[in-house]
1. How many angstrom lie between the C-alpha centres of the stretch 217-255 and the stretch 107-182?
2. Quick one: net charge around Ile268, please, counting Lys, Arg +1 and Asp, Glu -1 for every other residue with C-beta under 15 Å from its C-beta.
3. Based on the alpha-carbon gyration tensor of the stretch 31-128 and its eigenvalue square roots a ≥ b ≥ c, which shape applies: rounded if a/c is under 1.5, prolate if not and a/b is larger than b/c, or oblate?
4. Give me the net charge for the shell around Ser185: Cβ to Cβ below 13 angstrom, other residues only, Lys and Arg +1, Asp and Glu -1.
5. Report the gain in length on full extension from Asp146 to Asp228: 0.36 nm times residue separation, minus Cα-Cα distance, nm rounded to one decimal.
6. What FRET efficiency comes out for the pair Gln14/Ile87, r = Cβ-Cβ distance, R0 = 22 Å, nearest 0.05?
7. If you count, for each residue, the other Cβ atoms within 10 Å and average over each peptide, how do 161-168, 195-202 line up from highest to lowest?
8. Determine the alpha carbon to alpha carbon distance for each of Lys30/Lys295; Lys5/Lys51; Lys117/Lys253; Lys197/Lys290; Lys117/Lys197 and list only those over 29 Å.
Amino acid sequence: MPFSKLGLSDPIVQAVTEQGYETPTPIQEKAIPLILAGKNLIAAAQTGTGKTASFVLPILQNLIDAPPVRAKRIRALILTPTRELAIQVDANIALYSKHLNLTSMAMFGGVDSEPQKERLIEGVDILVATPGRLLDMYTRRAIHFDELEILVLDEADRMLDMGFIADINKIVERLPEKRQNLLFSATLSQQVRFLAKTAIENAVEIAIKPDSGTMPKIEQCLIPVDKDCKSALLSFLISENNWDQALIFIETKRGAAKLVSQLEKRGIKAEALHSGRSQAVRAQLLEDFKSGSLKFMVATGIAARGIDIDSLSRVVNYDLPDEADDYVHRIGRTGRAGAIGEAISFVSRDDFRNLCAIENRLGEFITRKEIPGFTPRLAIPNSDVSYAPKKAPKSGRRKPLKSRN
Ligand code: AMP
């Protein structure tokens, strides 16, 4: 189906055509007509699926004939977890609205608030904001919400991961009751559903299946290995396959530091990202990693939560996460923009329970690869529903496990 059949006006269709988009992605095909019809929406879709355009395009359409916005007012509010995402979404709005007369801006913390305050004076049609700075602006009466018509919670799961729940609730409480609500999240965990319940009534729920053709391709595999051989295995894989880059997830701070020194002894330069390092050091490491000057970063799950590193070619789960949803997040950082991403998990006997929970969550077994010379002394059994932890997985519908191959 072409964009022109979705109910979008010519200037919007022209803008996406100029971006080289030929047909809507599945999330766009599903979400755009619903949003145009004024429905509330909860959508399970990861970054890379075209989700940004799926809400920005119909928002532009719905605002196309609106009268000019008044001073310090906004019409649509898009809440995002990070400054990077706010900037990216705002940049997309600018592209898609280039033939329209609508205004937008990104607002985030960590920078001087005065220029943002000044820009708000004239009012902005679409504001993309991180929750903390927005609340601050509201408290300082730099912004009023009485003309707000549409609220979008983008990457809701990451906002919750980053501890924004209290700020989000405070913001939602201050919005006009009559408004359209849209929530996008990679996973619809229990916490996300709880947030959706408090912020959104009568929502239509849509999900984009992770295996749909347009999704980023992520090749997952697990390598059975004894715990004490994991660092040797990692060094072997890096050297043998000439890896360009990898984000390596590990359980503890101490483990991260130890692994970095073990890699260094084998001539592989790596850095550890964990809560014991200062904010400035962590920011620098992230920048180096993003620019490619740092090739291997060993991160604890906590430190890596919510940080904005996507578009990775490879993620290694040196230890499996305790939560199956964290696994989905971690692997979701790879395989962006049409490239194939790799998610490799080292699984020793201790990781078996977590493996069961993850495979149950995925609804399928992860392909196993034996690496000659690293076959574990203690075999890792196939996971089976009966091996799954007693406590129910935190979220996600459980599908029956398919048989391996
Ligand atoms: P997102 O999931 O919003 O981060 O989008 C991922 C990438 O897909 C972005 O680079 C978009 O520019 C691109 N994109 C979005 N919609 C389409 C489309 N219909 N056809 C081709 N590319 C698209």
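The values are calculated or read from the model by the stated rules, or taken from the named source; none is laboratory data. Predicted model only: the values in this text are computed from it and were never measured. Positions of Cβ are backbone-derived with ideal geometry, glycine not excepted, and every protein chain shown enters the neighbour counts. Keep in mind that these areas ignore ligands, DNA and RNA; they rest on the heavy atoms of the full protein, side chains included. Shrake-Rupley method; radii C 1.70, N 1.55, O 1.52, S 1.80 Å.
1. 40 Å
2. Numbers: positive: Lys230, Lys258, Lys265, Arg266, Lys269, Lys295, Arg314; negative: Glu240, Asp244, Glu264, Glu271.
Residues near Ile268 contribute +3 overall.
3. Working: a/c = 1.98, a/b = 1.24, b/c = 1.60.
Since a/c reaches 1.5 but b/c is at least a/b, the shape of the stretch 31-128 is classed as oblate.
4. Details: positive: Lys51, Arg158, Arg193; negative: Asp154, Glu155, Asp157, Asp161, Glu205, Asp325.
Surrounding charge for Ser185 is -3.
5. Working: separation 82, 0.36 × 82 = 29.52 nm, distance 5.96 nm.
Full extension of this stretch gives 23.6 nm more.
6. Values: r = 24 Å, r/R0 = 1.10.
In this case the efficiency is close to 0.35.
7. Values: 161-168: 17.6, 195-202: 15.8.
Highest mean packing first, the order is 161-168, 195-202.
8. Values: Lys30/Lys295 39 Å; Lys5/Lys51 18 Å; Lys117/Lys253 40 Å; Lys197/Lys290 36 Å; Lys117/Lys197 32 Å.
Distance filter (> 29 Å) returns Lys30/Lys295; Lys117/Lys253; Lys197/Lys290; Lys117/Lys197.
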